[in-house]
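Working notes, beginning with the structure itself.
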Amino acid sequence: MNSIEIILLNAEETRRRSIKLWKGIPEEFWNWKPDKDAFTVIEMIRHVLESEHLFHKIIDNRGNLGNYQSPWQGIVYSNIKFELEKAIPYRQAFLDMIKDHTLPDLEYIRIERTEVGQSKKLGDYLNRIIFHETVHMGQMLSYLRTLRIECPKIWD
C-alpha cells in the first residue's frame, strides 16, 4: 500500500466505526450532553460530518477559507439517518479529492492557515482531519459510558 491508500483506508475505517457507534445510540439520548458547554450527541455527529467538508474546502483553497458557507447552515437537527444522508455527497467528494492527489503532493503541497498559525504538509493535514473524527469518537464513547449505555462493538 502506498501513503494515499493508507490515508484512504484510515478514513474509511474510521468513518465505518463512527457510523456503527452513532447508529447504536438510542434516539432518546440524541439531545443529551454531559454539561452545558458540550455538544449534544447529534450536534457532535453533525460537527464531525460538517468539519470534514470544511477541512476539504481548506485543502482546496490551500488554507484560505474565504467566505465559506456550510451546506448545513440553517438546517435543524432531526435524526442520525438524515445527518448521514446529508453528508454522502460531501464525503464522496472528500475521498475523491484524496484519490486525485499524487504521492509527491502529500509532501509538497502546503496548507497555510495563517489565521491559526498553521503550516502543514498535505499528508499531515489529511491525517489530522481523520484524527479529529477519532477524537470525537472517543468523546462519544465516553458519553455512552456516562449514560451507562452499552457501547456498540466498534473494535472488529
_For GLN118, what residues show an amide H to amide H distance below 5 Å, using hydrogens built from the backbone and excluding near sequence neighbours?_
ARG113
*asked:* Taking 25 °C and 0.890 mPa s as the conditions, I'd like the Stokes-Einstein D for the range 76-133 in µm²/s, using the Kirkwood hydrodynamic radius from alpha carbon pairs.
replied: 184 µm²/s
*So, in nm, how far is label ILE149 from label LYS121 when the simple model puts each one 7 Å beyond its Cα toward the Cβ?*
4.0 nm
*Work through the residues other than LEU84 whose Cβ is under 11 Å from its Cβ and net out their charges, Lys, Arg +1 and Asp, Glu -1.*
+4
_Eligible lysines near LYS153 by straight Cα distance, threshold 20 Å, same-chain separation 8 or greater_ = LYS20, LYS23, LYS81
*Work out, in µm²/s and without decimals, the Stokes-Einstein translational diffusion coefficient of the range 12-110 at 20 °C, 1.002 mPa s, Rh from Kirkwood over C-alpha pairs.*
141 µm²/s
*Add -39500 (n - 2.57) for each DSSP H run of 4 or more in the chain, then divide by its residues: what number comes out at 222 nm, to the nearest 500 deg cm²/dmol?*
-20500 deg cm²/dmol
*asked:* Classify the range 53-93 from the C-alpha gyration tensor, please: rounded if a/c falls under 1.5, else prolate or oblate depending on whether a/b exceeds b/c.
replied: oblate
*asked:* Just to make sure I understand: if all protein chains stay in place, what is the order of GLU115, GLU12, GLU83 by accessible area at 1.4 Å, largest first?
replied: GLU115, GLU12, GLU83
*For MET44, what accessible area in Å² do you get when you roll a 1.4 Å probe over the heavy atoms of the protein chains, rounding to the nearest 10?*
0 Å²
*What longest range of the chain stays clear of loop-exposed trypsin sites (Lys or Arg not before Pro) (DSSP non-H/G/I/E/B, at most 16 other C-beta within 10 angstrom)?*
63-147
*Using 0.36 nm per residue, how much length does the chain from HIS47 to TYR68 gain when fully extended, once their Cα-Cα distance is taken away?*
6.0 nm
*asked:* Below 8 Å, C-alpha to C-alpha, sequence gap of six or more: please give me the relative contact order for the chain in percent.
replied: 33 percent
*Quick one: check the C-alpha center-to-center distance for the range 90-120 versus the range 8-68, whole angstrom.*
18 Å
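The values are calculated or read from the model by the stated rules, or taken from the named source; none is laboratory data. Everything quoted here is computed from the prediction, not taken from an experiment. When we count neighbours, we look across all protein chains shown, and the Cβ atoms used for this are built from the backbone with ideal geometry, even at glycine. Just so you know, the surface numbers come from the protein's heavy atoms only, side chains and all, with ligands and any DNA or RNA stripped out. Shrake-Rupley method; radii C 1.70, N 1.55, O 1.52, S 1.80 Å.
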